[in-house]
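Everything on this sheet refers to the single structure shown next.
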Amino acid sequence: MSASFRAPVGTHDVLAPQSALWEGLIATFADFAYRYGFTLALTPMFEEIGVFNRGIGEHSDVATKEMYVFQDRGERTYALRPEGTASVVRAFVQHQPTTPYKAWYVTPAFRYERPQAGRYRQHHQLGVEAIGSDDPALDVEVITLAWRFYQALGLTRIRLLLNSMGHVECRARYVAVLRAHLEEHRSQLCDEHATTWSQNPLRVLDCKRDACIGVINDGPLLPDFLCADCAAHFAAVRSALSDLGIDSTLEPRLVRGFDYYTRTTFEFVADALGNAQNAIGGGGRYDGLSEQLGGKPVGGVGFGSGIERLLLAREAEGLTGNLINRTIDIFVVDTTGDDVATVLVDDLRARGYAVERGFDGRSMKSQMKVADRSGAALALLVGPQEVAADEITIRELRSDDFDRAQLRVARDELWTVLRERLNK
RNA sequence: GUGGGCGUAGCUCAGUUGGUUAGAGCGCCAGGUUGUGGUCCUGGAGGCCGCGGGUUCGACCCCCGUCGCUCACCCCA
(Lines give C-alpha, C1' and ligand atoms only; values in the text may rest on other atoms or scores of the structure.)
Protein backbone atom coordinates (compact mmCIF):
# COMPACT_ATOMS: atom_id res chain seq x y z
CA MET A 1 0.00 0.00 0.00
CA SER A 2 2.84 2.34 0.73
CA ALA A 3 4.71 2.03 -2.54
CA SER A 4 7.23 4.82 -2.69
CA PHE A 5 6.15 6.01 -6.12
CA ARG A 6 2.67 6.21 -7.52
CA ALA A 7 1.22 7.35 -10.82
CA PRO A 8 0.76 11.15 -10.59
CA VAL A 9 -2.55 12.62 -9.48
CA GLY A 10 -5.19 12.25 -12.13
CA THR A 11 -3.27 9.68 -14.15
CA HIS A 12 -3.78 5.95 -14.33
CA ASP A 13 -1.91 2.83 -15.26
CA VAL A 14 -3.89 0.65 -17.63
CA LEU A 15 -2.90 -2.99 -17.22
CA ALA A 16 -4.43 -6.28 -18.27
CA PRO A 17 -7.18 -7.27 -18.46
CA GLN A 18 -8.45 -3.71 -18.88
CA SER A 19 -5.75 -2.91 -21.42
CA ALA A 20 -7.28 -5.42 -23.85
CA LEU A 21 -10.33 -3.16 -24.04
CA TRP A 22 -8.07 -0.29 -25.03
CA GLU A 23 -6.35 -2.37 -27.66
CA GLY A 24 -9.68 -3.37 -29.11
CA LEU A 25 -11.07 0.14 -29.05
CA ILE A 26 -8.04 1.64 -30.77
CA ALA A 27 -7.82 -1.17 -33.32
CA THR A 28 -11.49 -0.74 -34.14
CA PHE A 29 -11.06 2.97 -34.59
CA ALA A 30 -7.95 2.56 -36.71
CA ASP A 31 -9.91 0.26 -38.96
CA PHE A 32 -12.76 2.75 -39.30
CA ALA A 33 -10.38 5.59 -40.04
CA TYR A 34 -8.70 3.49 -42.70
CA ARG A 35 -11.99 2.61 -44.36
CA TYR A 36 -13.00 6.28 -44.35
CA GLY A 37 -9.79 7.34 -46.04
CA PHE A 38 -7.96 8.84 -43.08
CA THR A 39 -4.22 8.27 -42.59
CA LEU A 40 -2.45 8.19 -39.26
CA ALA A 41 -0.78 11.39 -38.04
CA LEU A 42 1.70 11.29 -35.17
CA THR A 43 2.57 14.69 -33.80
CA PRO A 44 4.54 15.77 -30.72
CA MET A 45 2.85 15.56 -27.38
CA PHE A 46 4.00 19.09 -26.61
CA GLU A 47 4.08 22.21 -28.73
CA GLU A 48 5.01 25.82 -28.40
CA ILE A 49 2.34 27.22 -26.19
CA GLY A 50 1.04 29.51 -28.92
CA VAL A 51 -0.13 26.56 -30.98
CA PHE A 52 -2.69 25.82 -28.31
CA ASN A 53 -3.75 29.12 -26.82
CA ARG A 54 -4.07 30.82 -30.17
CA GLY A 55 -6.49 28.23 -31.43
CA ILE A 56 -8.49 27.31 -28.39
CA GLY A 57 -8.69 30.89 -27.18
CA GLU A 58 -6.42 32.66 -24.74
CA HIS A 59 -9.34 33.34 -22.42
CA SER A 60 -10.78 29.85 -22.45
CA ASP A 61 -10.61 27.86 -19.23
CA VAL A 62 -8.35 25.31 -20.81
CA ALA A 63 -5.80 27.91 -21.86
CA THR A 64 -5.89 30.03 -18.74
CA LYS A 65 -5.84 27.50 -15.96
CA GLU A 66 -5.68 23.95 -17.26
CA MET A 67 -2.62 23.76 -19.46
CA TYR A 68 0.54 21.98 -18.43
CA VAL A 69 3.06 24.65 -19.30
CA PHE A 70 6.80 24.26 -18.88
CA GLN A 71 10.10 25.66 -20.03
CA ASP A 72 12.79 23.43 -21.44
CA ARG A 73 16.50 23.96 -20.92
CA GLY A 74 16.57 26.34 -23.85
CA GLU A 75 13.95 28.44 -22.07
CA ARG A 76 11.37 27.89 -24.75
CA THR A 77 7.85 27.75 -23.41
CA TYR A 78 5.95 24.62 -24.27
CA ALA A 79 2.67 23.06 -23.24
CA LEU A 80 1.56 19.46 -23.13
CA ARG A 81 -1.28 19.12 -25.58
CA PRO A 82 -4.68 19.68 -24.00
CA GLU A 83 -6.54 18.41 -27.08
CA GLY A 84 -5.82 16.84 -30.42
CA THR A 85 -6.80 19.27 -33.15
CA ALA A 86 -4.29 22.11 -32.85
CA SER A 87 -1.24 19.90 -33.33
CA VAL A 88 -2.59 18.28 -36.46
CA VAL A 89 -3.48 21.64 -37.96
CA ARG A 90 -0.02 22.94 -37.09
CA ALA A 91 1.49 19.94 -38.86
CA PHE A 92 -0.78 20.62 -41.82
CA VAL A 93 0.42 24.20 -42.00
CA GLN A 94 4.03 23.13 -41.68
CA HIS A 95 4.02 20.38 -44.32
CA GLN A 96 1.24 21.54 -46.66
CA PRO A 97 -0.01 18.15 -47.80
CA THR A 98 -2.50 17.99 -50.64
CA THR A 99 -6.06 18.75 -49.65
CA PRO A 100 -8.31 17.66 -48.28
CA TYR A 101 -5.85 16.28 -45.81
CA LYS A 102 -7.57 13.58 -43.76
CA ALA A 103 -5.75 12.33 -40.67
CA TRP A 104 -6.62 10.28 -37.63
CA TYR A 105 -4.84 10.19 -34.30
CA VAL A 106 -4.86 8.64 -30.88
CA THR A 107 -3.09 10.51 -28.14
CA PRO A 108 -2.96 11.38 -24.48
CA ALA A 109 -4.28 14.83 -23.60
CA PHE A 110 -3.36 16.79 -20.51
CA ARG A 111 -5.38 19.22 -18.48
CA TYR A 112 -4.57 20.39 -15.00
CA GLU A 113 -7.85 20.07 -13.12
CA ARG A 114 -9.22 18.22 -10.14
CA PRO A 115 -9.90 14.65 -11.17
CA GLN A 116 -13.27 13.01 -10.71
CA ALA A 117 -15.33 10.32 -12.38
CA GLY A 118 -14.67 10.47 -16.12
CA ARG A 119 -12.22 13.35 -15.82
CA TYR A 120 -8.48 13.02 -15.49
CA ARG A 121 -5.32 15.07 -15.79
CA GLN A 122 -4.13 12.72 -18.46
CA HIS A 123 -6.87 11.28 -20.57
CA HIS A 124 -6.77 9.81 -24.05
CA GLN A 125 -8.49 10.85 -27.22
CA LEU A 126 -8.88 9.39 -30.61
CA GLY A 127 -10.19 11.44 -33.47
CA VAL A 128 -9.91 12.62 -37.04
CA GLU A 129 -9.29 15.90 -38.82
CA ALA A 130 -10.16 16.80 -42.42
CA ILE A 131 -8.34 19.98 -43.38
CA GLY A 132 -8.36 22.13 -46.48
CA SER A 133 -11.97 22.01 -47.57
CA ASP A 134 -15.28 23.71 -46.86
CA ASP A 135 -17.33 20.90 -48.29
CA PRO A 136 -20.21 20.00 -45.97
CA ALA A 137 -19.74 16.43 -47.15
CA LEU A 138 -16.63 16.36 -44.99
CA ASP A 139 -18.57 17.52 -41.95
CA VAL A 140 -20.93 14.70 -42.67
CA GLU A 141 -18.16 12.19 -43.15
CA VAL A 142 -16.56 13.08 -39.84
CA ILE A 143 -19.83 12.85 -37.96
CA THR A 144 -20.75 9.63 -39.71
CA LEU A 145 -17.44 8.04 -38.87
CA ALA A 146 -17.92 8.88 -35.21
CA TRP A 147 -21.49 7.63 -35.22
CA ARG A 148 -20.71 4.34 -36.94
CA PHE A 149 -17.74 3.83 -34.67
CA TYR A 150 -19.92 4.22 -31.58
CA GLN A 151 -22.35 1.74 -33.08
CA ALA A 152 -19.51 -0.72 -33.64
CA LEU A 153 -18.62 -0.40 -29.98
CA GLY A 154 -22.14 -1.54 -29.20
CA LEU A 155 -23.26 1.80 -27.78
CA THR A 156 -26.93 2.48 -28.31
CA ARG A 157 -27.83 5.27 -25.93
CA ILE A 158 -25.93 8.01 -27.72
CA ARG A 159 -27.39 11.31 -28.84
CA LEU A 160 -25.91 13.66 -31.41
CA LEU A 161 -26.32 17.33 -30.59
CA LEU A 162 -25.86 19.67 -33.49
CA ASN A 163 -25.47 23.38 -33.93
CA SER A 164 -23.91 25.92 -36.26
CA MET A 165 -21.85 28.82 -34.98
CA GLY A 166 -21.67 30.44 -38.40
CA HIS A 167 -18.47 31.97 -39.66
CA VAL A 168 -16.69 34.86 -38.01
CA GLU A 169 -19.12 37.55 -39.11
CA CYS A 170 -22.26 35.58 -38.29
CA ARG A 171 -20.86 34.92 -34.87
CA ALA A 172 -19.88 38.55 -34.33
CA ARG A 173 -23.39 39.68 -35.18
CA TYR A 174 -24.83 37.13 -32.82
CA VAL A 175 -22.46 37.89 -29.98
CA ALA A 176 -23.33 41.59 -30.21
CA VAL A 177 -27.03 40.88 -29.83
CA LEU A 178 -26.41 38.27 -27.15
CA ARG A 179 -24.24 40.68 -25.22
CA ALA A 180 -26.97 43.29 -25.29
CA HIS A 181 -29.48 40.72 -24.10
CA LEU A 182 -27.23 39.61 -21.25
CA GLU A 183 -26.55 43.16 -20.21
CA GLU A 184 -30.25 43.84 -20.05
CA HIS A 185 -30.83 40.82 -17.84
CA ARG A 186 -27.52 40.71 -16.01
CA SER A 187 -29.14 40.95 -12.61
CA GLN A 188 -30.88 37.66 -13.29
CA LEU A 189 -27.70 35.73 -14.18
CA CYS A 190 -26.08 33.26 -11.81
CA ASP A 191 -23.46 34.52 -9.37
CA GLU A 192 -20.54 33.58 -11.55
CA HIS A 193 -21.80 34.92 -14.86
CA ALA A 194 -23.25 38.07 -13.34
CA THR A 195 -19.65 39.26 -13.25
CA THR A 196 -18.07 37.40 -16.19
CA TRP A 197 -20.76 37.52 -18.86
CA SER A 198 -19.17 40.30 -20.87
CA GLN A 199 -15.73 38.66 -21.26
CA ASN A 200 -17.08 35.72 -23.18
CA PRO A 201 -20.85 35.87 -23.60
CA LEU A 202 -20.94 32.49 -25.32
CA ARG A 203 -19.87 30.80 -22.10
CA VAL A 204 -23.18 31.78 -20.52
CA LEU A 205 -24.95 29.54 -23.04
CA ASP A 206 -23.20 26.61 -21.46
CA CYS A 207 -24.18 27.48 -17.90
CA LYS A 208 -26.22 24.81 -16.21
CA ARG A 209 -27.72 26.96 -13.51
CA ASP A 210 -31.40 27.75 -13.67
CA ALA A 211 -30.82 31.49 -13.48
CA CYS A 212 -28.74 31.64 -16.63
CA ILE A 213 -30.86 29.07 -18.42
CA GLY A 214 -33.87 31.31 -17.88
CA VAL A 215 -32.13 34.33 -19.36
CA ILE A 216 -30.80 32.35 -22.31
CA ASN A 217 -34.10 30.67 -23.09
CA ASP A 218 -35.77 33.90 -24.10
CA GLY A 219 -32.60 35.31 -25.66
CA PRO A 220 -31.35 35.26 -29.24
CA LEU A 221 -30.42 31.94 -30.84
CA LEU A 222 -27.32 31.37 -32.93
CA PRO A 223 -28.94 29.66 -35.94
CA ASP A 224 -31.10 32.75 -36.50
CA PHE A 225 -28.01 34.80 -37.23
CA LEU A 226 -26.45 32.67 -39.94
CA CYS A 227 -25.70 34.29 -43.27
CA ALA A 228 -27.03 32.64 -46.43
CA ASP A 229 -23.84 30.67 -47.03
CA CYS A 230 -23.58 29.36 -43.50
CA ALA A 231 -27.26 28.53 -43.42
CA ALA A 232 -26.93 26.58 -46.66
CA HIS A 233 -23.88 24.77 -45.35
CA PHE A 234 -25.70 23.79 -42.20
CA ALA A 235 -28.77 22.72 -44.13
CA ALA A 236 -26.61 20.52 -46.33
CA VAL A 237 -25.09 18.81 -43.29
CA ARG A 238 -28.46 18.21 -41.68
CA SER A 239 -30.03 16.93 -44.83
CA ALA A 240 -27.22 14.43 -45.46
CA LEU A 241 -27.33 13.17 -41.89
CA SER A 242 -31.03 12.70 -42.24
CA ASP A 243 -30.56 10.73 -45.48
CA LEU A 244 -28.01 8.57 -43.69
CA GLY A 245 -30.50 7.80 -40.96
CA ILE A 246 -28.41 9.47 -38.29
CA ASP A 247 -30.66 11.23 -35.81
CA SER A 248 -29.52 14.55 -34.49
CA THR A 249 -30.95 17.12 -32.15
CA LEU A 250 -30.63 20.78 -33.00
CA GLU A 251 -29.12 22.37 -29.93
CA PRO A 252 -28.96 26.15 -30.45
CA ARG A 253 -27.24 26.58 -27.11
CA LEU A 254 -24.41 24.24 -27.94
CA VAL A 255 -21.14 26.16 -27.92
CA ARG A 256 -18.05 24.19 -27.32
CA GLY A 257 -15.15 25.09 -25.11
CA PHE A 258 -12.66 26.11 -27.76
CA ASP A 259 -12.78 29.41 -29.59
CA TYR A 260 -11.70 28.02 -32.94
CA TYR A 261 -15.04 26.46 -33.79
CA THR A 262 -17.03 27.88 -36.68
CA ARG A 263 -20.11 26.69 -38.53
CA THR A 264 -20.92 23.08 -37.70
CA THR A 265 -20.39 22.09 -34.07
CA PHE A 266 -21.53 18.88 -32.50
CA GLU A 267 -21.30 16.78 -29.40
CA PHE A 268 -22.10 13.18 -28.62
CA VAL A 269 -23.57 12.50 -25.21
CA ALA A 270 -23.99 9.10 -23.61
CA ASP A 271 -27.25 8.98 -21.70
CA ALA A 272 -26.12 5.88 -19.84
CA LEU A 273 -23.57 7.99 -18.01
CA GLY A 274 -25.44 9.51 -15.13
CA ASN A 275 -22.90 12.11 -14.13
CA ALA A 276 -21.94 15.46 -15.57
CA GLN A 277 -19.15 13.91 -17.62
CA ASN A 278 -21.47 12.44 -20.21
CA ALA A 279 -19.91 13.94 -23.33
CA ILE A 280 -18.05 11.10 -25.04
CA GLY A 281 -16.99 13.07 -28.06
CA GLY A 282 -17.36 16.30 -29.89
CA GLY A 283 -16.02 18.43 -32.64
CA GLY A 284 -16.86 20.72 -35.45
CA ARG A 285 -15.49 23.06 -38.06
CA TYR A 286 -12.54 25.35 -37.43
CA ASP A 287 -12.34 27.38 -40.59
CA GLY A 288 -10.03 30.06 -39.19
CA LEU A 289 -7.55 27.83 -37.39
CA SER A 290 -5.12 27.17 -40.22
CA GLU A 291 -4.77 30.88 -40.83
CA GLN A 292 -4.35 31.62 -37.12
CA LEU A 293 -1.47 29.17 -37.06
CA GLY A 294 0.19 30.91 -39.96
CA GLY A 295 -1.20 28.87 -42.83
CA LYS A 296 -3.54 29.48 -45.67
CA PRO A 297 -7.12 30.44 -44.91
CA VAL A 298 -8.58 27.02 -45.47
CA GLY A 299 -11.35 25.26 -43.63
CA GLY A 300 -11.23 22.12 -41.57
CA VAL A 301 -13.47 19.84 -39.58
CA GLY A 302 -12.83 17.09 -37.07
CA PHE A 303 -13.86 15.34 -33.94
CA GLY A 304 -12.27 13.84 -30.87
CA SER A 305 -13.53 11.23 -28.49
CA GLY A 306 -12.36 10.34 -25.00
CA ILE A 307 -11.26 6.74 -24.67
CA GLU A 308 -11.90 6.58 -20.93
CA ARG A 309 -15.41 7.92 -21.37
CA LEU A 310 -16.16 5.57 -24.23
CA LEU A 311 -15.19 2.68 -22.00
CA LEU A 312 -17.24 4.07 -19.13
CA ALA A 313 -20.21 4.44 -21.45
CA ARG A 314 -19.84 0.86 -22.60
CA GLU A 315 -19.71 -0.29 -19.02
CA ALA A 316 -22.77 1.79 -18.16
CA GLU A 317 -24.65 0.13 -21.00
CA GLY A 318 -23.64 -3.26 -19.65
CA LEU A 319 -21.32 -4.04 -22.54
CA THR A 320 -18.62 -6.33 -21.22
CA GLY A 321 -17.41 -8.07 -24.36
CA ASN A 322 -13.90 -7.56 -25.59
CA LEU A 323 -13.43 -5.94 -28.97
CA ILE A 324 -10.32 -7.93 -29.70
CA ASN A 325 -9.26 -11.42 -28.73
CA ARG A 326 -6.25 -11.42 -26.46
CA THR A 327 -6.54 -14.87 -24.96
CA ILE A 328 -3.67 -17.18 -25.73
CA ASP A 329 -4.06 -20.42 -27.66
CA ILE A 330 -1.47 -22.69 -26.17
CA PHE A 331 0.43 -23.02 -22.92
CA VAL A 332 3.57 -25.12 -23.03
CA VAL A 333 4.38 -26.96 -19.83
CA ASP A 334 7.99 -28.02 -19.62
CA THR A 335 9.54 -30.21 -16.95
CA THR A 336 12.77 -31.01 -18.73
CA GLY A 337 14.47 -27.68 -18.47
CA ASP A 338 16.33 -28.21 -21.74
CA ASP A 339 15.73 -26.56 -25.10
CA VAL A 340 13.08 -28.87 -26.51
CA ALA A 341 10.27 -26.75 -25.14
CA THR A 342 11.99 -23.53 -26.11
CA VAL A 343 12.27 -24.68 -29.72
CA LEU A 344 8.68 -25.93 -29.70
CA VAL A 345 7.40 -22.58 -28.43
CA ASP A 346 9.32 -20.73 -31.12
CA ASP A 347 7.91 -23.04 -33.76
CA LEU A 348 4.35 -22.57 -32.54
CA ARG A 349 4.65 -18.80 -32.51
CA ALA A 350 6.14 -18.78 -36.00
CA ARG A 351 3.05 -20.64 -37.15
CA GLY A 352 0.88 -17.89 -35.76
CA TYR A 353 -0.31 -19.28 -32.47
CA ALA A 354 -0.40 -17.18 -29.32
CA VAL A 355 1.79 -19.12 -26.94
CA GLU A 356 2.79 -18.80 -23.31
CA ARG A 357 4.97 -21.20 -21.35
CA GLY A 358 6.07 -22.05 -17.86
CA PHE A 359 9.18 -20.52 -16.35
CA ASP A 360 11.39 -20.91 -13.32
CA GLY A 361 11.45 -24.70 -13.44
CA ARG A 362 8.26 -25.04 -11.52
CA SER A 363 6.56 -28.36 -10.95
CA MET A 364 4.13 -29.74 -13.49
CA LYS A 365 1.27 -29.18 -11.10
CA SER A 366 2.28 -25.59 -10.64
CA GLN A 367 2.67 -25.01 -14.36
CA MET A 368 -0.72 -26.56 -15.02
CA LYS A 369 -2.25 -24.06 -12.63
CA VAL A 370 -0.62 -21.23 -14.49
CA ALA A 371 -1.75 -22.78 -17.77
CA ASP A 372 -5.34 -22.89 -16.55
CA ARG A 373 -5.21 -19.32 -15.35
CA SER A 374 -3.74 -18.16 -18.64
CA GLY A 375 -6.99 -18.91 -20.42
CA ALA A 376 -5.24 -21.08 -23.01
CA ALA A 377 -7.38 -23.63 -24.79
CA LEU A 378 -4.66 -26.25 -24.83
CA ALA A 379 -1.68 -27.21 -22.74
CA LEU A 380 1.20 -28.97 -24.46
CA LEU A 381 3.19 -31.09 -22.05
CA VAL A 382 6.89 -31.61 -22.61
CA GLY A 383 8.45 -33.97 -20.10
CA PRO A 384 11.18 -36.62 -20.19
CA GLN A 385 8.75 -39.22 -21.55
CA GLU A 386 7.71 -37.02 -24.44
CA VAL A 387 11.24 -36.05 -25.30
CA ALA A 388 12.39 -39.67 -25.29
CA ALA A 389 9.55 -40.73 -27.59
CA ASP A 390 9.62 -37.60 -29.75
CA GLU A 391 6.01 -36.96 -28.83
CA ILE A 392 3.92 -34.20 -27.32
CA THR A 393 1.07 -34.56 -24.84
CA ILE A 394 -1.89 -32.37 -25.69
CA ARG A 395 -4.30 -31.55 -22.90
CA GLU A 396 -7.59 -29.75 -23.35
CA LEU A 397 -8.02 -27.18 -20.63
CA ARG A 398 -11.57 -26.11 -21.47
CA SER A 399 -13.19 -29.52 -21.74
CA ASP A 400 -14.90 -31.72 -19.18
CA ASP A 401 -14.90 -34.58 -21.65
CA PHE A 402 -12.25 -36.96 -20.39
CA ASP A 403 -12.04 -38.89 -23.65
CA ARG A 404 -11.02 -35.74 -25.39
CA ALA A 405 -9.14 -34.28 -22.52
CA GLN A 406 -5.69 -35.61 -23.27
CA LEU A 407 -3.76 -37.42 -25.92
CA ARG A 408 -0.18 -38.07 -27.01
CA VAL A 409 0.82 -37.38 -30.59
CA ALA A 410 4.02 -37.75 -32.52
CA ARG A 411 5.88 -34.52 -32.83
CA ASP A 412 5.42 -34.34 -36.60
CA GLU A 413 1.67 -34.89 -36.32
CA LEU A 414 1.31 -32.04 -33.88
CA TRP A 415 0.48 -29.38 -36.45
CA THR A 416 -2.38 -31.33 -37.94
CA VAL A 417 -3.94 -32.01 -34.56
CA LEU A 418 -3.55 -28.40 -33.46
CA ARG A 419 -5.27 -27.15 -36.60
CA GLU A 420 -8.25 -29.39 -35.78
CA ARG A 421 -8.37 -28.57 -32.10
CA LEU A 422 -7.84 -24.83 -32.38
CA ASN A 423 -9.44 -24.27 -35.73
CA LYS A 424 -6.58 -22.10 -36.82
C1' G B 1 -9.44 26.57 -7.18
C1' U B 2 -13.85 25.13 -3.49
C1' G B 3 -16.53 21.39 -0.66
C1' G B 4 -18.06 16.18 1.15
C1' G B 5 -16.60 10.92 2.13
C1' C B 6 -12.57 7.55 2.87
C1' G B 7 -7.14 5.73 3.92
C1' U B 8 -5.91 -1.64 8.22
C1' A B 9 -2.13 -7.64 3.76
C1' G B 10 -1.91 -7.79 -3.77
C1' C B 11 -7.81 -7.17 -3.66
C1' U B 12 -12.61 -6.62 -0.69
C1' C B 13 -13.13 -5.60 4.25
C1' A B 14 -13.59 -6.93 10.07
C1' G B 15 -11.21 -4.85 14.35
C1' U B 16 -15.40 -4.84 20.60
C1' U B 17 -16.44 2.01 25.44
C1' G B 18 -8.37 3.42 23.48
C1' G B 19 -5.54 -2.40 26.71
C1' U B 20 -0.56 -5.47 25.28
C1' U B 21 1.26 -11.41 19.85
C1' A B 22 -3.64 -7.00 14.23
C1' G B 23 -7.75 -10.76 11.78
C1' A B 24 -11.08 -13.01 7.73
C1' G B 25 -12.37 -14.12 2.70
C1' C B 26 -10.33 -14.06 -2.09
C1' G B 27 -5.63 -14.07 -4.57
C1' C B 28 -0.44 -15.80 -4.40
C1' C B 29 3.38 -19.75 -3.13
C1' A B 30 4.36 -24.90 -1.47
C1' G B 31 2.58 -29.66 -0.25
C1' G B 32 -1.61 -33.66 -0.31
C1' U B 33 2.67 -41.41 -3.15
C1' U B 34 4.98 -42.48 -8.37
C1' G B 35 4.77 -36.18 -14.20
C1' U B 36 -1.30 -33.04 -14.74
C1' G B 37 -5.13 -27.35 -14.04
C1' G B 38 -10.29 -26.16 -12.94
C1' U B 39 -13.36 -28.83 -6.81
C1' C B 40 -11.38 -30.16 -1.92
C1' C B 41 -7.66 -30.43 2.38
C1' U B 42 -3.06 -28.71 4.95
C1' G B 43 0.75 -25.31 5.52
C1' G B 44 3.31 -20.70 4.22
C1' A B 45 4.74 -15.85 2.64
C1' G B 46 2.82 -11.03 2.86
C1' G B 47 0.87 -5.24 7.18
C1' C B 48 6.09 0.75 10.62
C1' C B 49 -3.00 -0.03 10.57
C1' G B 50 -0.96 6.36 4.49
C1' C B 51 2.79 9.85 6.86
C1' G B 52 4.15 13.46 10.90
C1' G B 53 3.02 15.47 15.50
C1' G B 54 -0.11 15.61 20.01
C1' U B 55 -3.24 13.59 24.23
C1' U B 56 -2.59 9.07 27.42
C1' C B 57 0.45 4.50 31.84
C1' G B 58 -1.01 2.63 26.96
C1' A B 59 -3.37 4.72 20.24
C1' C B 60 -5.42 0.97 14.31
C1' C B 61 -9.08 3.48 17.57
C1' C B 62 -9.19 10.27 20.25
C1' C B 63 -7.16 15.48 18.45
C1' C B 64 -4.25 18.53 14.83
C1' G B 65 -1.58 18.75 10.41
C1' U B 66 -0.11 16.61 5.90
C1' C B 67 -0.22 13.40 1.63
C1' G B 68 -3.21 10.21 -1.20
C1' C B 69 -7.81 8.05 -3.07
C1' U B 70 -12.77 9.17 -4.26
C1' C B 71 -17.26 12.00 -5.32
C1' A B 72 -19.36 16.74 -6.43
C1' C B 73 -19.04 22.10 -8.07
C1' C B 74 -16.51 24.60 -12.19
C1' C B 75 -15.07 23.07 -17.03
C1' C B 76 -14.49 19.47 -20.38
C1' A B 77 -13.28 14.12 -23.37
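Global size of the stretch A:146-227: 15.9, 48 Å for Rg and Dmax (C-alpha atoms, Rg to one decimal, Dmax whole).
Our summary gives the stretch A:141-227 a relative contact order of 37 percent, counting only alpha carbon pairs under 8 angstrom and 6 or more residues apart. Decide, for the stretch A:2-74, between rounded, prolate and oblate: order the square roots of the alpha carbon gyration tensor eigenvalues as a ≥ b ≥ c, take rounded if a/c falls under 1.5, and otherwise choose prolate if a/b is larger than b/c, else oblate. Verdict is oblate for the stretch A:2-74.
Assuming a ≥ b ≥ c are the square roots of the Cα gyration tensor eigenvalues, decide whether the stretch A:330-422 counts as rounded (a/c under 1.5), prolate (otherwise, with a/b larger than b/c) or oblate. It is rounded, given that a/c, with a ≥ b ≥ c, falls under 1.5. Cross-link partners for residue A:65 among the lysines, with Cα-Cα distance under 24 Å and sequence neighbours closer than 8 places in the same chain left out: A:208.
On the stretch A:330-422, 46 percent of the accessible area sits on carbon and sulfur atoms, based on a 1.4 Å probe. Accessible surface computed residue by residue for the stretch A:138-260, with neighbouring protein chains in place and a 1.4 Å probe, gives 47 Å² per residue.
Rounded to the nearest 20 debye, the dipole magnitude of the stretch A:330-422 is 360 debye, with +1 charges on Lys and Arg beta carbons, -1 on Asp and Glu beta carbons, and the Cα centre as origin. Structural descriptor for the stretch A:1-136: relative contact order 26 percent, calculated from alpha carbon pairs under 8 angstrom and at least 6 residues apart.
Taking every DSSP bridge with both residues inside the stretch A:330-422, close to 55 percent are antiparallel. For chain A, the Kirkwood estimate of hydrodynamic radius, built from reciprocal distances between every pair of different alpha carbons, is 25.0 Å. The charge dipole of chain A, taken about its Cα centre with unit charges on the Cβ atoms of Lys, Arg (+1), Asp and Glu (-1) only, comes to about 460 debye. Taking every DSSP beta bridge that has both ends in chain A, the antiparallel portion is near 80%. For chain A, the residue among A:80, A:202, A:14 whose Cα projects farthest onto the positive side of the dipole built from Cβ charges is A:202. For residue A:102, the aspartates and glutamates whose Cα falls under 14 Å of its own Cα, not counting residues fewer than eight places away in the same chain, are A:129, A:134, A:135, A:139, A:141.
If you model the stretch A:314-375 as an ellipsoid using its alpha carbon gyration tensor, with each semi-axis the square root of five times an eigenvalue, the axes come out at 30, 16, 6 Å, biggest first. If you line up the long axis of helix A:136-152 against the longest principal axis of chain A, both from Cα atoms, how many degrees apart are they, to the nearest 10? Helix A:136-152 sits at roughly 40 degrees to that axis.
The values are calculated or read from the model by the stated rules, or taken from the named source; none is laboratory data. These numbers come from a predicted model, not from an experiment. Positions of Cβ are generated from backbone atoms using ideal geometry, with glycine treated the same way; all protein chains shown enter the neighbour counts. Keep in mind that these areas ignore ligands, DNA and RNA; they rest on the heavy atoms of the full protein, side chains included. Shrake-Rupley method; radii C 1.70, N 1.55, O 1.52, S 1.80 Å.
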